[in-house]
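Trainee: Before we start, here is the structure in question, set down as C-alpha cells.
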Amino acid sequence: MKSYWTDAVVLRSRPLGEADRLVSLLSDSEGKIRATARGARRGRSSLVAGTQPFVYARYQLFRGRELDSITQVQLVRSHLAVRDQLLSFALASYVAEVVDWTTMERQPVPGVFRLLLTLLAELDEHPPRSPGRALALESWFELHHLGELGYRPQLDGCVLCHRPLLPSAGRSTDNSGWWLQPAQGGLVCSSCRSQSPSAEPGVLLGDEVILCLRRWQQEAEPDPGAVADPSQPAGRQLAAALRMYVDYYVNHTIRSLPFLAELMGTTAAAGDGGGPRASRA
Amino acid sequence: MPLYPPPLTRLIQELGKLPGIGPKTAQRLALYLVGRPPAEVNALAGALVDARSKLVYCSRCFNITDVDPCRLCTDPRRDDQVLCVVEEPRDVFALERTGEFRGRYHVLHGAISPMEGLGPESLKIKELLRRLQPGTANSPQIQEVILATNSSVEGEATAMYLARLLKPLGVRVTRIAYGLPVGGDLDYVDEVTLSRALEGRRSV
C-alpha cells in the first residue's frame, strides 16, 4: 500500500521551497519518517497545525522514493502550552533533537516514542516553573532515553572491578567517590580510574546524584510527574554527567543545547571538559 | 561531448543555485531566457545587477532599502511611538500592504530556532535593545513594541524571548492576534488556530 496512516510526533519541521515543509516524524509503528507537507506554510492549509514541532497527530502519508508526503492530519494533542513557555520550548527542542539524532528511519522504537510523548504531556500540563525543575526533567529523560536505546548506565557498582556500590549511599567502601564514564558504560571507582589515567575523565558523582539516578532507573513506569527536583548542585552535576553521556552516544553537536543552557543558567559543554571528546564506540 | 553549449550550461548552473529551483526548472528557465529578445534579457540582467549593487540593509530597522536610513524610518508622517518587530523584510512589505500600520519597523532577520542553531545572538536583538534605550537619537520616544513574528513555534519562542527582555524597559509589549482567516469556515479551521481564536476573543 502506497498510502498509510500512522500516529506520530513532529520532531523537526523546516521550510522547504515556496510554501512547503520538510518534517521529521517519530511514529510509533514506523520509527522515524522524513516527509514533505505541500503547502503547509500557507495559512489556509489543513496541514499547518499538524506540521508544527512537538505536535502529536495521526498522519496519512504517501510513500515516496526518498521522502514520504503528508496528505492528511488529524490532531491528537497539539501540546500548545509547550509553545507558550520558553523553558518548555527549549527543553522540548533539545529532547526532539536528541531523539532525531538517536533514531533511525523506518526502525520503530516504541519505548522512545512513549517516553517522548510522556515528557511532552508533562511539559504541556505542568510547565517547569524553574530552571532546576527543567534540569531535573532533562536529566530524567536522558537517563530513560539512554536505557531505551540500550545504553543504560550501570549504577550498581564499578563496571571494571565489580566492587558493589552500597545500596543506600553513593560512596565506595574506601569513601573516595565514583565516576560516570560513558565509554565504560557506567560507574567506575576511584582506584580503577586512577589505574587507567589515559581513559576519559568522566564526571565525579556525589551521593545525592547516584541515589537519584538509581531511583529513576528503578521506576516501573517512567513518570516525570513523580520526579523530585534535586538540590541545585546535584541538579547541575546530573546535567553535566548525563549531557556528557548523551554527547558520547549521539556523537554530534546538539545545536539546541546552548539555548537551553542559557535559559537554565548552566554550561552547554558536555562533561567536565577534562579531555578530548571520545569517539562513538 | 557536452550536452549544452557552455554559456547555456553556465546559465543553468547559476539559475539552479536559486532557492526552490531544481535542475529541470533551471533548464526550463534558461531555455526560455535564451529564446527572449536581447533587450528583454538585458533588462533582466540589468535589474539583477542594479538590485544587488544598490540595495543595502537600513542601519536603523534592517529592512532592505536603497537609501540609508530607509524611507520608512525617515517618513515624518509615521508614528515614532510604535515599533513593529518582524522576522523578515518580506513581513514589512506584507504589513505595508494592509495600509493599517503607521508606526516604525524593526527586522530581526530570522527567528529563534534552537534545532537549526539559531539562537538570540543570531538575530538583530542587540540592535533592537539599542533603539529602545532612552535618549537614543534613532527612536527616542517608543512607547509600544508590537511583536509581529510568525505564529510558528519559532516565532512564538522569539516573541516570548523578546517580551522577557523588553518588559523591564518599561515599554508596552503587545503580540499580534491569532484567529480565523477572513471568509473562512469555522468547520475547516484547525484545532490549534481555533483554540487560539477562543483565547483571544473580544467583546463586541
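The values are calculated or read from the model by the stated rules, or taken from the named source; none is laboratory data. Quantities reported herein were computed from a predicted structural model and do not represent experimental measurements. Here the Cβ is made from the backbone with ideal geometry for all residues, glycine too, and neighbour counts use every protein chain on show.
Trainee: Quick check, is A:Gln154 outside the structural domain of A:Ser24 (by TED's automatic domain parsing), in contact (Cβ under 8 Å) with a residue 60 or more places away in the chain and over 12 Å from the mean Cα position of the chain (by Cα)?
Mentor: For A:Gln154, the condition - outside the structural domain of A:Ser24 (by TED's automatic domain parsing), in contact (Cβ under 8 Å) with a residue 60 or more places away in the chain and over 12 Å from the mean Cα position of the chain (by Cα) - is not met.
Trainee: Out of all the residues in region B:147-154, is one or more buried (at least 17 other Cβ atoms within 10 Å of the Cβ), within 14 Å of chain A (Cβ to nearest Cβ), touching a helix residue (DSSP H, G or I) at 6+ places or on another chain (Cβ under 8 Å) and not in a loop (DSSP other than H, G, I, E, B)?
Mentor: yes
For every residue, the table says whether it meets (1) outside the structural domain of B:Ser122 (by TED's automatic domain parsing); (2) at pLDDT 95 or above.
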site: B:Gly22; (1), (2): yes, no
site: B:Arg28; (1), (2): yes, yes
site: B:Arg36; (1), (2): yes, yes
site: B:Glu40; (1), (2): yes, yes
site: B:Leu44; (1), (2): yes, yes
site: B:Phe62; (1), (2): yes, yes
site: B:Asp80; (1), (2): no, no
site: B:Glu87; (1), (2): no, yes
site: B:Arg104; (1), (2): no, yes
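Trainee: For region B:1-38, name all the residues that are part of a helix (DSSP H, G or I), farther than 22 Å from A:Glu18 by Cα and among the charged types (D, E, K, R).
Mentor: Correct list: B:Arg10 only.
Trainee: So, in region B:166-188, exactly how many residues are surrounded by fewer than 15 Cβ atoms within 10 Å (Cβ to Cβ) and in a helix (DSSP H, G or I)?
Mentor: The number of residues fulfilling the criteria is 6.
Trainee: Output yes when any residue across region A:126-135 is in contact with an Asp or Glu (Cβ under 7 Å, 6 or more places away or on another chain), more than 10 Å from every other protein chain (Cβ to nearest Cβ) and closer than 20 Å to A:Val23 by Cβ, and no when none is.
Mentor: For region A:126-135, residues in contact with an Asp or Glu (Cβ under 7 Å, 6 or more places away or on another chain), more than 10 Å from every other protein chain (Cβ to nearest Cβ) and closer than 20 Å to A:Val23 by Cβ: absent.
Trainee: Quick test of your reading of the structure: B:Met160 fulfils all but one of (1) within 13 Å of chain A (Cβ to nearest Cβ); (2) surrounded by 13 or more Cβ atoms within 10 Å (Cβ to Cβ); (3) part of a loop (DSSP other than H, G, I, E, B). Name the failing condition by number.
Mentor: Every listed condition holds for B:Met160 apart from (3).
Trainee: Regarding A:Leu22, is this residue under 17 Å from B:Ser152 (Cβ atoms), of a type in the set (A, V, I, L, M, F, W, C), surrounded by 15 or more Cβ atoms within 10 Å (Cβ to Cβ) and out of contact with any helix residue (DSSP H, G or I) (no Cβ under 8 Å at 6 or more places or on another chain)?
Mentor: yes
Results for (1) away from every other protein chain (no Cβ under 14 Å); (2) in contact with a Phe, Trp or Tyr (Cβ under 7 Å, 6 or more places away or on another chain); (3) modelled with pLDDT under 85, shown as yes or no for each residue.
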position: A:Cys189; (1), (2), (3): yes, yes, no
position: A:Leu205; (1), (2), (3): yes, yes, no
position: A:Trp216; (1), (2), (3): yes, yes, no
position: A:Glu221; (1), (2), (3): yes, no, yes
position: A:Val227; (1), (2), (3): yes, yes, yes
position: A:Ala241; (1), (2), (3): yes, no, no
position: A:Tyr248; (1), (2), (3): yes, no, no
position: A:Glu262; (1), (2), (3): no, no, no
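Trainee: Let me ask another. Within region A:93-113, is even one residue buried (at least 24 other Cβ atoms within 10 Å of the Cβ), of a type in the set (Gly, Ala, Ser) and out of contact with any Leu (no Cβ under 6 Å at 6 or more places or on another chain)?
Mentor: Scanning region A:93-113, I find at least one residue that is buried (at least 24 other Cβ atoms within 10 Å of the Cβ), of a type in the set (Gly, Ala, Ser) and out of contact with any Leu (no Cβ under 6 Å at 6 or more places or on another chain), so the answer is yes.
Trainee: Please enumerate the residues belonging to region A:42-72 that are among the aliphatic types (A, V, I, L, M) and at pLDDT 95 or above.
Mentor: Selection gives A:Val55, A:Ala57, A:Leu61, A:Ile70.
Trainee: Just give me the residues in region B:60-83 being farther than 30 Å from B:Leu48 by Cβ, out of contact with any Asp or Glu (no Cβ under 8 Å at 6 or more places or on another chain) and not charged (D, E, K, R), in sequence order.
Mentor: Of everything in region B:60-83, just one residue is farther than 30 Å from B:Leu48 by Cβ, out of contact with any Asp or Glu (no Cβ under 8 Å at 6 or more places or on another chain) and not charged (D, E, K, R), namely B:Pro76.
Trainee: While we're looking at this one, here's another question. Of B:Gln143, B:Gln133, which residue is at negative phi, in contact with a strand residue (DSSP E or B) (Cβ under 8 Å, 6 or more places away or on another chain) and surrounded by fewer than 14 Cβ atoms within 10 Å (Cβ to Cβ)?
Mentor: The unique qualifying residue is B:Gln143.
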